[in-house]
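Visitor: Can you read through this structure? Questions will come right after.
Just so you know, all these numbers are worked out from the coordinates, no wet-lab data involved. Computed from a predicted model, the values in this text were never measured in an experiment. In this analysis, Cβ positions are derived from the backbone assuming ideal geometry, glycine residues included, and neighbour counts consider all displayed protein chains.
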Amino acid sequence: MSQTQWEAALVSPVDRTRDHIQGSAGAPVTLVQYGDYECPYCGEAYPIIKEIQARMGDRLRFVFRNFPISTSHPHAEHAAEAAEAADAQGRFWEMHDLLYERQRHLTDQDLHLYAEELGLDVERFDKEMEENLHAPRVYEDFMSGVRSGVNGTPTFYIDGVRHDDSYERDVLLDALERAAAASPR
């Protein structure tokens, strides 16, 4: 008797013109994370991802997509918008890192201070935040996650297939290493 197995797949492929990407397009393995800046589990995963990136080097391409769970995390949506506002000034990854490193401090006042700290055009940043200019982009990421089967954060996809195992360092690293070894690239 055969058994049907459902595998959640990434519906929106990685797009270098819109996604936040670290690493080469030619890397043998791609890790996509749907994350929420206020989620404590995403906070736990953050240093793990940094370590895996350092260990795998140019063999890993990392992509981050916003998935703020506003019902549980009241500051998550604005934090995601702040990362996108920083991206508009070419500083996404710096803001991304600050938000995770200080995830217990994500009020609008904190976000303003982070923009100052990063040397952003703060007047532009504040205006974009006030107008929720980047909310549609955050929503687009969120909906791509919903369509891909994301139901919590962090959710990871390895080469387009949801990683349903632990994101503990050794487990995730092993899965990525296996995917890289199997890659035709």
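Visitor: Please determine, in degrees from 0 to 90 and to the nearest 10, the orientation of helix 40-56 with respect to the longest principal axis defined by the Cα atoms of the chain, where the helix direction is its Cα long axis.
Guide: Once rounded, the angle reads 60 degrees.
Visitor: Say the dipole of the chain comes from +1 at the beta carbon of Lys and Arg and -1 at that of Asp and Glu; which of 153, 63, 172 then lies farthest toward its positive end?
Guide: 172
Visitor: Now for a different question. Label 7 Å along Cα→Cβ of residue 9; segment 139-153 residues with amide nitrogen under 14 Å?
Guide: Residues 148-149 fall inside that zone.
Visitor: Please sort by residue number the chymotrypsin sites (Phe, Trp or Tyr not before Pro) in segment 24-105 whose DSSP state is loop and whose Cβ has at most 14 other Cβ atoms within 10 Å.
Guide: Here no chymotrypsin sites (Phe, Trp or Tyr not before Pro) fit, given the DSSP loop and packing criteria.
Visitor: Report the extension gain between residue 139 and residue 88 in nm, rounded to one decimal, defined as 0.36 nm multiplied by the number of residues separating them, less their alpha carbon distance.
Guide: Taking 0.36 nm per residue and subtracting the Cα distance, the gain is 16.7 nm.
Visitor: Among DSSP bridges having both ends in the chain, what percentage is antiparallel? Round to the nearest 5.
Guide: Bridges in the chain that DSSP calls antiparallel: roughly 60 percent.
Visitor: Using only the C-alpha atoms of the chain, find the volume of their convex hull and express it per residue in Å³.
Guide: 125 Å³
Visitor: Give the whole-number value, in cubic angstrom per residue, of the convex hull volume spanned by the C-alpha atoms of segment 95-185.
Guide: 157 Å³
Visitor: Which of the GluC sites (Glu not before Pro) found in segment 7-86 are in a DSSP loop and have at most 13 neighbouring Cβ atoms, other than their own, within 10 Å?
Guide: Hits after loop and neighbour filter: 7.
Visitor: So, in nm, how far is label residue 118 from label residue 41 when the simple model puts each one 7 Å beyond its Cα toward the Cβ?
Guide: It works out to 2.6 nm between the two label points.
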